[in-house]
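Have a look at the structure below before the remarks.
None of the figures in this text is laboratory data; all of them are computed from the coordinates on show. Please read all numbers here as calculations on a predicted model, not as lab measurements. All Cβ positions, glycine included, derive from the backbone under ideal geometry; neighbour counts span all protein chains shown.
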Amino acid sequence: MKKHSMLKAIAGAGVLALGIGLAGCAGDRTGNSAGGEQEAGGTIGVAMPTQQSERWIADGNNVKSQLEQLGYQVDLQYANDDIPTQVSQIENMITTGAKALIVASIDGTTLTDVLQQAKEANIPVIAYDRLINGTENVDYYTTFDNYKVGVQQATSLLTGLGVLDASGKETGATGPFNVELFAGSPDDNNATFFWNGAMDTLKPYMDKGVLKVPSGQTEFGQAAILRWLPETAQKRMENILTVIGGTKLNGVLSPYDGLSIGIISALTSGGYSASDLPVITGQDAEAGSIKSIIAGEQYSTIFKDTRELAKQAVTMVDDIRKGQTPETNDTKTYDNGKKVVPSYLLQSTIVTKDNYKAVLLDSGYYTEADLK
Ligand code: BGC
């Protein structure tokens, strides 16, 4: 072979090799090398919304420690419920070479541009607990059965009021019971699932007159609390108390423990004593609210085991990194406007004073000292 044709052959082989390498990368969102070898470890970016609520701290810690156990490094960031902060944290994870992203969004519709960057860098994305909307660039979703969480919240309200018995059967109680309704943050996809589950359960009793809503505020838009802020819920409850005058409330549907705390403050400053508070629901089984349940103030909460949710997200990442397809159990429900995101849904549990020991202490989620 003449010298120049040999050079050409070498260059050609190089181009070919490069071509294969690129093709391998482009078609492969696992970030694995073209030969299919598994890269161990790497850094996983974990974006969480806020540290103002215990549950997200637990989520962050659980995801981090479980990833570390599998040999990953973790870039865990909290965004203080500020959307631009979350966007720039994710951007930073992408530019510093994250191998995958686990994202619990603040506003599910604001990540389209940054997730386009993730896509271009072949970084797979797992939506954590909250669906990310309006983008194709979300690979998997893991959460709880959010509609069912709403059903459970409403069911516990009905049980607390005595409309249903402990086994879920109607007692024949006709009330009328006065209840007020709260919903979560309208930019959180979960909030409408909780609301719809709850309203589908309560509506028949509202229609029969067993439940009455003295304020008349029965629309999601009237009940929603932006960013799930306890102080906003407290203000809304105060306003409602002013509007309904002396009408005594028997129940309040609250979709999150933090809101319940604000609602209880408004009620106690509005003249209710701890022992005659209405039946108040919640969500997340946060330690402060379990204490309130033990003290007989809040009636119920919904326990969502963040250890299990973390495990699901971590397993998804690990599967993708190993070139395996993550397990899903719902491929119909979570349409984000661009695609139906393959999901894994976990189950939640109603917690009251009657079962908190069995559910939260026996499972090791809390120790007795946590609830003192
Ligand atoms: C979560 C709830 C939580 C709420 C407020 C929702 O997206 O699913 O568990 O109570 O956000 O943080």
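Values for this structure:
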read-out: 222 nm mean residue ellipticity, helices alone, for the chain (DSSP H n ≥ 4; -39,500 (n - 2.57); rounded to 500); value: -13000 deg cm²/dmol
read-out: Fraction in percent of alpha-carbon pairs per bin - 5 Å, the range 284-346; value: 4, 15, 16, 15, 16, 10, 10, 9, 4, 1, 0
read-out: Rg(Cα) / (2.2 N^0.38 Å) computed for the range 207-300, rounded to two decimals; value: 1.03
read-out: Restraint check, LYS169/LYS372; LYS148/LYS203; LYS169/LYS212; LYS64/LYS304, Cα-Cα greater than 22 Å; value: LYS169/LYS372
read-out: Packing rank of 341-353, 298-310, where each peptide gets the mean count of other beta carbons within 10 Å, highest leading; value: 298-310, 341-353
read-out: Fraction of beta bridges assigned by DSSP in the chain that are antiparallel (%, nearest 5); value: 20 percent
read-out: The chain, relative contact order in percent, only Cα pairs under 8 angstrom and at least six apart counted; value: 17 percent
read-out: Rough spin-label spacing in nm, given labels placed 7 Å along Cα→Cβ, for ALA121 and GLN324; value: 2.7 nm
read-out: Coil-residue GluC sites (Glu not before Pro) of the range 186-274, DSSP, other Cβ within 10 Å capped at 16; value: GLU219
read-out: Anchor LYS235: aspartates and glutamates whose Cα lies under 17 Å away (excluding residues fewer than 8 positions away in-chain); value: GLU180, ASP257
read-out: Hypothetical label at THR268: residues of the range 216-256 whose amide nitrogen lies under 11 Å (7 Å Cα-Cβ projection); value: none
read-out: Tensor-based shape of the range 28-159 (alpha-carbon gyration tensor, a/c under 1.5 rounded, otherwise prolate or oblate); value: prolate
read-out: Listed peptides 198-205, 365-372 by packing density, highest first (mean Cβ within 10 Å); value: 198-205, 365-372
read-out: Rounded tilt (10° steps) of 257-269 against the dominant C-alpha axis of the chain; value: 30 degrees
read-out: Between helix 83-95 and the chain: long-axis angle, C-alpha atoms, 0 to 90°, nearest 10; value: 30 degrees
read-out: LEU229-LYS169 FRET efficiency (beta carbon distance; Förster radius 30 Å; 0.05 resolution); value: 0.20
read-out: Ellipsoid equivalent to the chain - semi-axes via the Cα gyration tensor, in Å; value: 48, 19, 18
read-out: 16 Å Cα-Cα reach of LYS208 towards aspartates and glutamates, excluding residues that sit fewer than 8 places from it in its own chain; value: GLU170, ASP200
